[in-house]
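So the structure is just underneath, and the comments pick up after that.
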Amino acid sequence: MKNDLEKAQLAVLFEKLFGSTPRVFRAPGRVNLIGEHTDYNDGFVLPASVGFSTYVAIAPRSDRKLLIHSEEFPGKFEFELDRLPEKRVGAWCDYVLGVASVLRRRGHELGGANLLVHGEVPIGAGLSSSAALEVSSALALLSLDESHMPLPEVAQICREAENLFVGARVGIMDQFVSCMGRAGHGLLLDCRSLEFQFVPIPAGLVLVVCNTMVKHDLATGAYNTRREECEAGVRAFCKWDPAIRALRDVSVEMLEAHGDQLPATIRKRCTHVIRENLRTLDAARALADGDLDRVGKLMHDSHESLRDLYQVSCRELDAMVEAAQGLPGFCGGRMTGGGFGGCTVNLVRAENAEDFAKRVAERYRHATGIGAQVYLCAAEDGAQALS
Ligand code: GLA
């Protein structure tokens with residue numbers, strides 16, 4: 001219903017701007033239930049796609065220009081397809097351009113096109129507005145030559161665009177779940193093999209996403225540093241077992257046997273990743289069994305580990321996690337996404353969700369002086385063509 005409405009409104013606007021009837025594509029943002037900073041370590045994640053989406057309307061042009069417009073993001077961009085920039089231009093259109101450039105490099109003959117973007121995923125909140133824009137743009141651009149690409153491959157193209165064109169060394173989680181998410185389910189993904197399975201979220205639970213409304217500048221630099229620290233960990237463990245290719249391959253026994261020979265910071269980072277992988281598998285089982293006490297405990301441990309060992313939380317995220325404790329209907333919560341601001345995710349019983357939202361925001365304001373936004377979400381389907 002909502003998607004039909006968005007599609008119709010965007011198509012009307014598109015016709016007014018460009019004078020032709022577009023096709024419309026949609027891709028959602030995501031929230032990660034558990035499995036943080038594990039994707040680029042070949043590990044496991046358990047995200048869900050949520051009801052905020054980015055919509056892209058597209059129609060071909062007769063020349064070889066790519067026009068990228070949006071009503072809510074600033075700037076109207078025009079590029080020559082045969083002279084696309086090699087690297088980011090520093091604007092939101094980078095996510096579209098990056099995808100176009102990777103598709104061309106892979107041999108897709110894109111023709112000229114007009115694109116109109118409507119994004120409702122909150123920006124900078126750690127809910128993957130960028131993945132939603134990449135995936136919806138990829139589906140739109142692929143429709144130009146009627147290419148049918150399996151969605152997991154679309155996810156890989158989008159990740160490549162972000163890694164190589166935009167310059168952010170992200171893992172595959174966000175793009176994958178934006179493509180493949182399923183209503184009512186978390187998606188347990190093995191980020192090495194890309195095998196996945198859907199884990200039903202017990203009926204009567206709401207995903208309450210609490211936006212701290214802060215995003216610290218540190219985020220990008222610290223993300224890359226964490227990746228380097230993990231790589232340093234892999235190099236160290238390789239000395240003890242040359243078969244180790246990623247932290248995914250390091251067992252808890254190995255960590256316990258050799259951990260004290262690692263520099264303290266590297267040991268902390270490795271401990272987080274190795275144990276977070278186990279927690280993620282454990283949480284997927286517990287969620288499927290409806291063992292919410294266990295899920296709650298694992299989410300709690302995940303947050304503490306991100307705060308103390310991986311050190312990607314911040315005062316506001318900790319305050320938001322704290323604010324949820326003990327509220328009626330609360331089953332578990334933690335920071336979600338890359339960290340240094342953004343959102344927490346909370347599993348809350350549906351009958352308590354509205355009240356929870358109000359009270360968590362009050363407590364957070366009391367602790368930090370900041371007015372939060374709180375979203376009551378359900379897991380929704382992944383990307384799709386709407387027309
Ligand atoms: C960001 C990245 C993901 C993942 C998370 C941390 O959202 O885009 O690939 O690494 O951080 O789990």
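Of the trypsin sites (Lys or Arg not before Pro) found in the stretch 1-100, the ones in coil according to DSSP and having at most 13 other Cβ atoms within 10 Å of their Cβ are K76, K87.
Lysine pairs in the chain whose alpha-carbon atoms fall under 23 angstrom of each other, counting only those eight or more residues apart or on distinct chains, come to 11.
Roughly how many Å² is the accessible area per residue of the chain, as a whole number, for a 1.4 Å probe? Provide the component values of the computation, followed by the final result.
Values: 15710 Å² over 387 residues.
Value for the chain: 41 Å² per residue.
Inter-label distance, A350 to D293: 2.4 nm, where each label sits 7 Å from its Cα along the C-beta direction. Whole-Hz Karplus values for the stretch 41-51 come out as 10, 6, x, 10, 9, 9, x, 9, 7, 10, x Hz, taken residue by residue from phi with 6.51 cos²θ - 1.76 cosθ + 1.60 and θ = phi - 60°; glycine and proline positions read x.
Between A203 and R105, the FRET efficiency estimated from the beta carbon spacing at R0 = 41 angstrom works out to 0.40.
What percentage of the solvent-accessible surface of the stretch 144-254, computed with a 1.4 Å probe over protein heavy atoms, is contributed by carbon and sulfur atoms? C and S atoms contribute 51 percent here. Cα centroid separation, the stretch 325-387 to the stretch 265-320: 17 Å.
Quote to one decimal, in nm, the extra length available between E195 and L278 on full extension: 0.36 nm per residue of separation minus the C-alpha distance between them. Before the final figure, lay out the partial values.
Working: separation 83, 0.36 × 83 = 29.88 nm, distance 1.67 nm.
Full extension of this stretch gives 28.2 nm more.
Between the listed residues P200, V170, L189, the Cα displaced farthest toward the positive end of the dipole of the stretch 138-237, a dipole computed from Cβ unit charges relative to the Cα centre, is found at P200.
Overall, the stretch 240-333 carries a charge dipole of about 240 debye about its Cα centre when +1 sits on the Cβ of Lys and Arg and -1 on the Cβ of Asp and Glu, all other atoms neutral. The residue list G107, Y40, G29 was ranked by how far each Cα lies along the charge dipole of the stretch 15-114 toward its positive end, using unit charges on Cβ atoms, and G107 comes out on top. The shape of the stretch 249-354 comes out oblate: with a ≥ b ≥ c from the C-alpha gyration tensor, a/c is at least 1.5 while a/b does not beat b/c. Take the Cβ atoms of A264 and E153, set R0 to 30 Å, and the FRET efficiency comes out at 0.15. Given a 1.4 Å probe and the protein chains as shown, C238 ends up with an accessible area of around 50 Å². Taking amide H positions as modeled 1.01 Å from N, with prolines and chain starts lacking one, the residues under 5 Å from C331 and 5 or more places away or on another chain are L347, V348, R349.
Of the accessible area of the stretch 1-132, with the probe set at 1.4 angstrom, what percent is carbon plus sulfur? Write down the numbers at each step before the final one.
Values: 2720 of 5180 Å².
Answer for the stretch 1-132 is 53 percent, counting heavy atoms of protein chains only.
For L33, the residues whose modelled amide H falls within less than 5 Å of its own, excluding neighbours fewer than 5 places apart on the same chain, are L46, A48. Specify whether the C-alpha gyration tensor of the stretch 132-231 places it in the rounded, prolate or oblate class, a ≥ b ≥ c being the square roots of the eigenvalues: rounded for a/c under 1.5, otherwise prolate if a/b is larger than b/c and oblate if not. Oblate, because a/c is 1.5 or more while a/b does not exceed b/c. Rounded, prolate or oblate: which fits the stretch 1-137 when a ≥ b ≥ c are the square roots of the eigenvalues of the alpha-carbon gyration tensor, with rounded for a/c under 1.5 and prolate only if a/b beats b/c? Cα axes put the stretch 1-137 in the oblate bin.
Site pair K239 and K2 shows an inter-label distance of 5.2 nm when each label is modelled 7 Å from Cα along Cα→Cβ. Taken along the Cα-to-beta-carbon direction at a fixed 7 Å, the label points for H366 and N224 span 4.2 nm.
The values are calculated or read from the model by the stated rules, or taken from the named source; none is laboratory data. Since the structure is predicted, the reported quantities are computational estimates derived from the model, not experimental observations. Positions of Cβ are backbone-derived with ideal geometry, glycine not excepted, and every protein chain shown enters the neighbour counts. Accessible surface areas use protein heavy atoms only, side chains included; no ligands, DNA or RNA. Shrake-Rupley method; radii C 1.70, N 1.55, O 1.52, S 1.80 Å.
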